[in-house]
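Structure first, then comments.
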Amino acid sequence: MASFRGTVSGWVAGALAGLVLVAGVDRAEAADAGVRNVDGGAKVAPAPAAKPAGPSPFTDYTVERPGKRVKITAADLPAARVNRDVDNPPRVVKRPKGAWPQAPAGFKVDLYAEGLAEPRLIRTAPNGDIFVVESKTGVLKVFRGLLATGKAAWSGVFAKGFSWPFGIAFYPAGNDPRWIYVANTDSVVRLPYKSGDSEARGPAETVVAELPGGGRLRGGGHWTRDIAFSRDGKRMFVSVGSKSNVDDPDTTPAEKERADVLEFTPDGGGRRIYASGIRNAVGIAVHPRSGELWVSVNERDELGDNLVPDYITHVEEGGFYGWPWYYIGGNPDPRHKGKHPELKATTIVPDVLLQPHSASLQMLFYDGKQFPAEYSGDIFAAEHGSWNKTARTGYTVIRVPMRGTRATGEYEIFLSGFVTAGGEVWGRPVGLTVAKDGALLVSDDGSNSLWRVSYGGAGGKK
């Protein structure tokens, strides 16, 4: 078995291996973002410059409505200041009368299912069945069909007895997968599967016996583990979040093999760190054309309302993304002042910076045919919502426009309305998947619902 990162040498090796080209913005965009190239290689940022004049790209729920576009660059970041004073978690209320998710003109939102137990990640099986994990209860559910009312025609329990499950993947790719893989917080298992199964046809088989596990955050660590396979089916990626906000892995054994993406073979062998310094990649996905791994990441807290941006980015094999010593390129975290100067020039700048503290969770590439053509290949991501910001942000589904296989650097609010005008939260997007008919399904563990977003053209209703 390969050795794992337990000391700084592992971090340095991963970072140096990451000195490769990070595409995602063209040269003009890179210059605008204050980004420079190191020996023609990884995109890194210089020390923070003076904040540019003009409207701030940092927003909150009062202006985060469908169609609003935002672009945050490294040059927009304020100076870091340790601030532990803000503790503004959502106190979820029952959905008020008349409250409903809001989508762009032409789209319609239906309540596909309700009464779930904190639904989390959601995936579509090749035959069109919708699989949803209820992490807290350790249950994997399946939903099938569509009634004229917009609701699911049938639902049932596919399997139960999991340990804080999150990630789901069907393997191998294609119309006839033989397995459903499920990522528990501390292991990866798989269940035998045949297309159309309504319940597991056999017991779970352990694929990876040990992952760095963790309970729910606020002291327990980042517990979600997502899972994805390479296009050729030879590699299995598993994301593992940090145990803490910014504890130093040099002196914290509990951070071993965390804040990274691990790689395995589909049978659990070949264990190694694929990329590191990624605080909490809750959602991961493989680009259907380029084959690159992409991640949706929760960055660190307690550096103020506008630091540090969450992000979505493609991942360089062997790349280092900063945590905990640096962020968004070579910006040093003041809580680790002077540590590891050798890593500053190797820290990669992510492709798309999001609102700090928005809690970006599951992501996907839209491969349906129902939405307008300009949505094809774009990223959708669920923003669960902030706790470490004075004015709430997140609680949305965003769209990340793509130009070919590269992000443009901006994002757009696609679905909002989960926060009342007075700041009360009733819904929290977590997962999303593309249904077989091209509609977008969204899981919401605030209202314990599944929402279905369809496109009806100019006459569509929200």
request  = Would you mind stating whether Val308 is crowded, with 24+ Cβ neighbours inside 10 Å, among the β-branched types (Val, Ile, Thr) and in contact with a Leu (Cβ under 9 Å, 6 or more places away or on another chain)?
outcome  = yes
remark   = In the stretch 275-300, residues that are over 14 Å from Leu361 (Cβ atoms) and either crowded, with 22+ Cβ neighbours inside 10 Å or in contact with a Pro (Cβ under 6 Å, 6 or more places away or on another chain) (or both) total 6
inquiry  = Among the residues in the stretch 322-337, are any in a loop (DSSP other than H, G, I, E, B), closer than 18 Å to Val240 by Cα and among the aliphatic types (A, V, I, L, M)?
reply    = no
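Restricting attention to strands (runs of 3 or more DSSP E) lying wholly within the stretch 87-153, give those where 1 or more residues are acidic (Asp, Glu). Write out each step before concluding.
Details: elements: 107-114, 119-124, 130-134, 139-144.
Once the strands (runs of 3 or more DSSP E) in the stretch 87-153 are filtered for at least 1 residues that are acidic (Asp, Glu), what remains is 107-114, 130-134.
Find the residue count for the stretch 344-367, including only residues that are hydrophobic (A, V, I, L, M, F, W, C), buried (at least 22 other Cβ atoms within 10 Å of the Cβ) and more than 30 Å from Asp437 (Cβ to Cβ).
3
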query = Pairs, please: C-beta under 7 Å, at least 6 apart or cross-chain, first residue under 18 Å from Gly318 (Cα atoms) and in the stretch 241-270, second modelled with pLDDT under 95 and outside any loop (DSSP other than H, G, I, E, B)?
reply = Pro249/Trp11
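Any residue at all in the stretch 196-216 that is buried (at least 22 other Cβ atoms within 10 Å of the Cβ), within 14 Å of Ile122 (Cα to Cα) and modelled with pLDDT of 95 or more?
No, the conditions are met nowhere in the stretch 196-216.
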ask   = Gly106 fails exactly one of the following numbered conditions: (1) closer than 27 Å to Ser386 by Cα; (2) at pLDDT 90 or above. What is the number of that condition?
value = (1)
Among the candidates Asn280, Asn298, Asn331, Asn306, residue that is among the polar types (S, T, N, Q), under 22 Å from Gly394 (Cα atoms), touching a residue at least 40 places away in the same chain (Cβ under 8 Å) and in contact with a helix residue (DSSP H, G or I) (Cβ under 9 Å, 6 or more places away or on another chain) = Asn306
Residue that is nearest to the chain's Cα centre (by Cα) [pool: residues in the stretch 154-188 that are of a type in the set (Gly, Ala, Ser) and assigned to a strand (DSSP E or B)] = Gly167
task = Determine, yes or no, whether Arg225 is in contact (Cβ under 8 Å) with a residue 12 or more places away in the chain, part of a loop (DSSP other than H, G, I, E, B) and out of contact with any Cys (no Cβ under 9 Å at 6 or more places or on another chain).
result = yes
ask   = Within the stretch 351-378, how many residues turn out to be assigned to a loop (DSSP other than H, G, I, E, B) and either farther than 26 Å from Ala75 by Cα or of a type in the set (Phe, Trp, Tyr) (or both)?
value = 9
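The values are calculated or read from the model by the stated rules, or taken from the named source; none is laboratory data. Owing to the predicted nature of the structure, the values given are computational and were not obtained by experimental measurement. Don't worry about glycine lacking a Cβ; one is built from the backbone with ideal geometry, like all the others, and counts go over all protein chains shown.
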